[in-house]
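Asker: Take a look at this one; I'll ask things after.
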């Protein structure tokens with residue numbers, strides 16, 4: 001297995017990246033299908049195709065330049081860049097799809113090379129009667145020769161040939177532009193196209209491989225002296241030059257031949273050029289250079305995938321990753337690429353192959369732009385590229401990539417995404433420890449949360465609160481004895497509020513207690529994982545319960561606002577910590593908190609069917625909060641079959657008035673409480689507990705108000721409620737509005 005993806009003898013600079021990309025951009029499509037495209041959709045339509053194609057490729061080029069300058073780029077080109085930003089799992093899935101498109105591209109260019117011999121075949125037939133009926137008589141031997149050269153000579157031969165090929169390519173283009181067409185139309189109409197022309201997006205699909213040249217230059221990353229410099233410069237320059245050349249080529253076609261001529265002759269450039277034979281020579285050179293570029297890039301992508309152990313079998317990964325001893329040339333990857341290429345050369349349909357590689361390249365480009373977009377929003381301190389794109393440029397590239405996929409061919413797009421999904425699933429199953437995508441999304445969520453917190457805090461300082469919602473915190477040292485307090489927190493924070501549950505560890509902050517807090521937090525997370533909750537879990541180390549409370553009430557809330565409600569809890573059978581709670585009431589009250597004290601019993605929350613709310617004359621501040629807490633609790637799926645019953649303890653003479661007030665409050669507050677669930681109970685101060693026991697013996701949660709004066713006697717909370725379920729005592733800091 002290779003020790004590194006970098007060729008230790010790497011000596012290539014920016015020029016090979018530029019020439020590799022440019023020769024692929026100005027390749028087979030330019031000579032064989034671009035005139036056909038002008039005839040199908042007109043000059044204006046082709047300019048639209050060029051612009052649309054570069055709406056994808058230019059953002060991709062910018063994204064590639066950015067990502068490439070953030071890290072030490074090794075071999076594997078686009079795959080390496082994607083996998084190191086997206087993570088090995090998603091990078092592996094995209095990398096395999098990218099590799100297949102690169103390997104199939106070799107066949108595409110070899111087939112195009114065979115089309116360059118059309119004039120020679122015609123000449124042989126007319127002069128000697130010798131006819132070659134099938135282009136595969138040319139393409140298969142060409143593929144065989146190309147395979148032998150790349151296996152025995154490697155990338156260095158490709159680079160030497162590349163300079164010659166580019167010289168021929170530029171010469172043929174110059175002769176094309178200088179040509180005085182004998183078949184030019186009498187009147188030039190830049191919107192002219194043949195009748196019954198093909199769909200715009202089908203034409204775009206056939207033409208799009210012309211814009212995929214930027215990926216060819218990326219594939220040389222392991223053979224570059226300074227990839228951080230060469231990849232951005234070479235890729236961006238080739239993309240811009242290619243776009244300009246294509247616009248001028250489209251213009252030359254439009255003024256040099258009629259749409260009918262452009263569609264009927266795939267090598268019509270030879271009728272326009274100064275010297276016609278240079279066109280098939282240029283096509284052969286361009287196709288051969290693109291084939292060379294692709295057959296150099298594809299094995300390096302496969303080598304990088306094997307190097308990262310993406311495949312499930314270690315032996316397969318080692319075999320793919322193995323490079324030639326002297327120069328790390330990926331011989332095994334070349335063999336696999338050659339086999340794939342031979343298969344599609346045998347298929348021989350250039351338009352069919354063009355559609356396949358267009359789809360896979362479009363997926364890759366969309367992924368690269370998405371990586372760049374997410375990196376902008378994640379704001380990872382480790383992401384420090386020396387070249388900076390803009391987030392909206394990457395967003396445009398990603399959106400257009402995925403939109404164009406389905407416009408080009410929705411069936412192929414769906415199949416491509418399905419294949420990638422299956423590949424990703426297979427990669428994930430065999431590499432479950434690899435991460436990256438989840439880390440990237442966590443960064444995005446973190447930044448979004450941070451901005452929202454700041455926004456909410458500023459809004460809160462400028463506006464009065466329109467409606468109350470719980471920003472609750474609970475502190476308990478009995479977390480692993482009783483879970484009722486945690487249940488209350490997850491119900492309050494599930495839909496309408498925010499909740500933080502803190503486990504109290506008594507002691508001083510040191511290495512030992514810090515380690516204990518980490519273990520406790522992990523245990524908390526594991527316990528909470530099986531429940532439907534949206535509670536933030538944490539621990540606090542403090543020498544006393546009082547100091548812990550003082551620290552907790554000063555903590556910032558996770559919502560961007562301060563907490564406004566604190567929940568304490570104690571056991572009815574062992575109310576030892578109730579005195580701690582009541583003793584610290586003054587601290588919490590001074591901070592303006594609403595206070596809830598949960599009295600837990602052996603019956604817990606029963607079947608979660610009924611919440612009984614008891615309102616008395618002393619609850620003029622508490623009543624609305626008690627009703628709101630009941631309503632908010634019902635918002636959790638645990639209480640989907642639950643209902644609220646209100647019991648009002650008032651003197652007989654004021655019962656009717658208070659009942660009407662309650663019903664009006666329920667109506668205007670749009671609370672799901674029917675009139676039949678509002679009961680008026682005659683008030684006698686000395687028997688409140690006995691009345692509650694009588695009516696709420698079967699309640700699953702009983703909500704009772706309390707006042708500051710009651711705190712002087714802890715028995716008020718702990719005694720007299722035998723055989724009731726859990727009781728939530730509520731004290732509101734101020735009266736709440738139910739809007």
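Derivation of every value follows stated rules applied to the coordinates shown; laboratory data play no part. As the structure is a computational prediction, the values presented were derived from the model and not from experiment. Neighbour counts are summed over all protein chains in view; Cβ atoms, including those assigned to glycine, are modelled from backbone coordinates with ideal geometry.
Asker: Would you mind classifying segment 261-413 by shape? Square roots of the alpha carbon gyration tensor eigenvalues, ordered a ≥ b ≥ c; an a/c under 1.5 is rounded, otherwise it is prolate if a/b is larger than b/c and oblate if not.
Answerer: oblate
Asker: Further question: Which value at 222 nm does the chain reach when only helices count, each DSSP H run of 4 or more adding -39,500 (n - 2.57), with the total divided by all residues and rounded to the nearest 500 deg cm²/dmol?
Answerer: Result for the chain, helices only: -19000 deg cm²/dmol.
Asker: Would you mind ranking 177, 344 so that the residue whose beta carbon has the fewest other beta carbons within 10 Å leads the list?
Answerer: With the fewest neighbours first, 177, 344 line up as 177, 344.
Asker: Compare the peptides 287-296, 528-537 by average per-residue count of other Cβ atoms within 10 angstrom and give them in order, highest first.
Answerer: My ranking of the peptides, most packed first, is 287-296, 528-537.
Asker: Calculate how steeply helix 437-462 sits against the longest principal axis of the alpha-carbon atoms of the chain, using the helix alpha-carbon long axis, and give the answer as 0 to 90 degrees to the nearest 10.
Answerer: It works out to around 50 degrees.
Asker: Further question on the same structure: Cα gyration tensor of segment 586-658, axes a ≥ b ≥ c as square roots of the eigenvalues: rounded (a/c below 1.5), prolate (a/b > b/c) or oblate?
Answerer: oblate
Asker: May I pose another question? If you take the square roots of the eigenvalues of the alpha-carbon gyration tensor of segment 464-731 and sort them as a ≥ b ≥ c, do you get rounded (a/c under 1.5), prolate (a/b over b/c) or oblate? Walk me through the numbers before you get to the answer.
Answerer: On the way: a/c = 1.80, a/b = 1.61, b/c = 1.11.
Taking the square roots of the gyration eigenvalues as a ≥ b ≥ c, segment 464-731 is prolate.
Asker: On a 0 to 90° scale, report how tilted helix 350-378 is relative to the longest principal axis of the chain, with both axes built from alpha carbons and the result rounded to the nearest 10.
Answerer: Helix 350-378 sits roughly 40 degrees off the main axis of the chain.
Asker: Expressed as a whole number of Å, what is the distance separating the alpha-carbon centroids of segment 321-345 and segment 223-296?
Answerer: Rounded to whole Å, the Cα centres lie 27 Å apart.
Asker: For residue 183 and residue 388, what does the FRET efficiency come to when R0 = 60 Å and r is the distance between their Cβ atoms, rounded to the nearest 0.05?
Answerer: Taking R0 as 60 Å, the efficiency between residue 183 and residue 388 is 0.80.
Asker: Fewest to most neighbouring Cβ within 10 Å: what's the order for 308, 261? Let's see the in-between values first.
Answerer: Numbers: 308 23, 261 20.
Exposure proxy ranking, most exposed first: 261, 308.
Asker: Would you mind checking the tilt of helix 331-347 against the longest principal axis of the Cα atoms of the chain, expressed as 0 to 90 degrees and rounded to 10?
Answerer: With both axes taken from Cα atoms, the answer is about 70 degrees.
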